[in-house]
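Report on one structure; see the data block that follows.
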């Protein structure tokens, strides 16, 4: 089995990542190193929410990174081509 690549908070800030969902159900729009809460409009740094992030999605709502449990590392999802 191939090892998955770990994503650090600065990797989330790349161009592909457009939104992130946390374990408590909040969704954030990502704009560079800034995360904007879609529900309340609160602005936080991506580094501040990194350990709460469950999944990261791109503009087409495809999951590009995820973790199943809070204790696990955030890893890149390898998309299978059909």
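Quick note: the coordinates plus some simple rules give every number you see, no bench work behind them. If you're wondering where the values come from, they're calculated on a predicted model, not measured in any experiment. Reconstructed Cβ throughout: ideal geometry from the backbone, glycine too, with neighbour counts over all protein chains shown.
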Which label belongs to the value computed from this structure, given these candidates for Cα extents along the principal axes in Å: (1) 49, 31, 19; (2) 111, 35, 9; (3) 40, 28, 21?
(3)
Mean Cα-pair separation over length for the chain, i.e. relative contact order, pairs under 8 Å, 6 or more apart, %
29
Sorting check: for 69-75, 59-65, which peptide has the highest mean count of neighbouring beta carbons within 10 Å, and how do the rest follow?
59-65, 69-75
Residue 29 label point, 7 Å along Cα→Cβ, cut-off 20 Å on backbone N: hits in the range 41-79?
41-50, 53-64
